[in-house]
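Below: one structure, written as structure tokens.
The values are calculated or read from the model by the stated rules, or taken from the named source; none is laboratory data. The shown structure was predicted, so the numbers you read here are calculated from the model rather than taken from an experiment. Heads up, the Cβs are rebuilt from the backbone with ideal geometry, glycines too, and the neighbour counts pull from every protein chain shown. To get the accessible areas, we keep the full protein, side chains included, count just its heavy atoms, and leave off ligands, DNA and RNA. Shrake-Rupley method; radii C 1.70, N 1.55, O 1.52, S 1.80 Å.
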Amino acid sequence: MLISMTGDASMYMLPHTAVTYEKAFYRGVEQMWEGSYTGKDVNIIIEKTGADDERKHIKVIFDRVKNADSFSCASKAENTIWIYSGDGRSVFSIFYDYQWFVYTSGHEMGHQLGLADAYSDKNELVRTSLKTPMNYISTPHAQEVDYYIMLKHRTWENDYVYNYSDDMEGISKYLSD
């Protein structure tokens, strides 16, 4: 997977660490998306590239902002992740600390791999019980259900994200009542 990063991610350290935002981003992707599925290793291999590289790659735009909330979002169709590290995060009333930033980086990469947010899925059971990093910060690593959806539906090949509930029959064993 080719990734280019623009902005000031390599110049600033996450608060109370000696880790740059850039290194934390790559760690988040690696930690969340390296695992196994049906006994086989699944790994994301990252190659850093320049923003002007003509090959298809994911663009990560990172900037620090003052007097504003931190936020992140991803567009699969545009192959872009935007991460803005501000003075807090309004929904959670916290700063992007190391754990939150690593999790958020991996979560946004999940969108680039073709997975939708499970917390906003149209199916209530998916929203409330599916244990996946696309749903809960307490799930910092990809789960079997994530690999199942990605590999069965080849989500990385499409320009859109795949909703977990679009395959309720396949994911039913991963849902808790």
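Summary table below
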{"read-out": "Some residue of region 150-161 being in a helix (DSSP H, G or I), touching a residue at least 24 places away in the same chain (Cβ under 8 Å) and open to solvent by 80 Å² or more (accessible area, probe 1.4 Å)", "value": "yes"}
{"read-out": "Test: Y21 is under 19 Å from P140 (Cβ atoms) and in contact with a strand residue (DSSP E or B) (Cβ under 7 Å, 6 or more places away or on another chain)", "value": "yes"}
{"read-out": "Qualifying positions in region 127-137 - open to solvent by less than 40 Å² (accessible area, probe 1.4 Å), without any contact (Cβ under 8 Å) to a residue 60 or more places away in the chain and under 15 Å from E108 (Cα atoms)", "value": "T132, M134, N135"}
{"read-out": "Search result, residues across region 108-117 that are over 18 Å from I44 (Cβ atoms) and either modelled with pLDDT under 95 or of a type outside the set (G, A, S) (or both)", "value": "D117"}
{"read-out": "Positions within region 39-54 being surrounded by fewer than 16 Cβ atoms within 10 Å (Cβ to Cβ) and touching a Lys or Arg at 6+ places or on another chain (Cβ under 9 Å), in sequence order", "value": "A51"}
{"read-out": "Given (1) within 20 Å of P140 (Cβ to Cβ); (2) touching an Asp or Glu at 6+ places or on another chain (Cβ under 8 Å); (3) modelled with pLDDT under 85; (4) crowded, with 17+ Cβ neighbours inside 10 Å, number of the condition G86 does not satisfy", "value": "(1)"}
{"read-out": "Neighbours by Cβ (under 7 Å, 6+ apart or cross-chain): first from region 35-49, at pLDDT 80 or above; second among the polar types (S, T, N, Q) and surrounded by 15 or more Cβ atoms within 10 Å (Cβ to Cβ)", "value": "T49/S4"}
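Table: residues versus (1) in contact (Cβ under 8 Å) with a residue 12 or more places away in the chain; (2) open to solvent by less than 30 Å² (accessible area, probe 1.4 Å); (3) of a type in the set (A, V, I, L, M).
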position: G106; (1), (2), (3): yes, yes, no
position: H111; (1), (2), (3): yes, yes, no
position: D117; (1), (2), (3): yes, no, no
position: L125; (1), (2), (3): yes, no, yes
position: T139; (1), (2), (3): no, yes, no
position: Q143; (1), (2), (3): yes, no, no
position: S172; (1), (2), (3): no, no, no
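Let's see how each residue does on (1) out of contact with any Lys or Arg (no Cβ under 9 Å at 6 or more places or on another chain); (2) surrounded by fewer than 11 Cβ atoms within 10 Å (Cβ to Cβ):
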| position | (1), (2) |
| --- | --- |
| G7 | no, no |
| S10 | no, no |
| A18 | yes, yes |
| K23 | yes, no |
| Y37 | yes, no |
| K56 | yes, yes |
| K59 | yes, no |
| F62 | yes, no |
| V65 | yes, no |
